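One structure below.
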Amino acid sequence: MSIWRTTALALLFLAILVVYFPVLWWMWREWWLAPGTRYYGHGLLIIFVSLFLILRGRSALRPSDGRRYGLPVLVLGVAIAAVGWSSGTAWVSALSLPVVILGVLGSFLGALALRRMLFPVLFLAMAVPLPIMGLIGDWLKDYVGRAAIEIARALGTQFTVDNTSFVYMET
């Protein structure tokens, strides 16, 4: 990739960071500062895992072919962001960020890069604090805990459940 293309890509990502700063700040507050949002402490970890996956597949981050499918993806991401910003729902705008990143990658680097970076970039959506988690979080945690106990019992171990604790019983 030429120095001009690399510089343009870097400047575009810097512009995206500037535009999305209010959304990124909201996500940071939800992850670490908002009282009662205990379900999204993993948000920062998701970013590092996604960056690791992107760096691991960085060989795909070079222009591959003449097909540039990124522009429709970019337009879709900007449309999602516009809906989020106009309705005042930060989580919708945050969900648009991975789509915008994919659109930029696909526009600059082609269809192969878009396809290879699909999972690592869309994985970033797992870091977005969704409003529904406050409603289903406790139920989901209880369900997963009980399923784990049943699996452990099926494997021959014995557990007792004491309110919110699982106690292993030695035989």
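At a glance:
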{"read-out": "Ellipticity estimate at 222 nm from DSSP helix runs (n ≥ 4, -39,500 (n - 2.57)) divided over the chain, nearest 500", "value": "-20500 deg cm²/dmol"}
{"read-out": "Cα gyration tensor shape of region 57-157, rounded if a/c is under 1.5, else prolate or oblate by comparing a/b with b/c", "value": "oblate"}
{"read-out": "Surface accessible to a 1.4 Å probe, residue 144 within the full protein complex, Å²", "value": "90"}
{"read-out": "Label of the coordinate-derived value, Rg/Rh (Cα atoms, Kirkwood Rh), listed as (i) 1.11; (ii) 1.03; (iii) 1.07", "value": "(i)"}
{"read-out": "Per residue, in Å², the accessible surface of the chain once ligands and nucleic acids are set aside, probe 1.4 Å", "value": "64"}
{"read-out": "Accessible surface of region 1-159, 1.4 Å probe, proportion on carbon and sulfur as whole %", "value": "74"}
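The values are calculated or read from the model by the stated rules, or taken from the named source; none is laboratory data. Computed from a prediction, not measured in an experiment: that's the story for all the values here. Side chains are part of the model used for accessible areas, which takes the heavy atoms of the whole protein and leaves out ligands, DNA and RNA. Shrake-Rupley method; radii C 1.70, N 1.55, O 1.52, S 1.80 Å.
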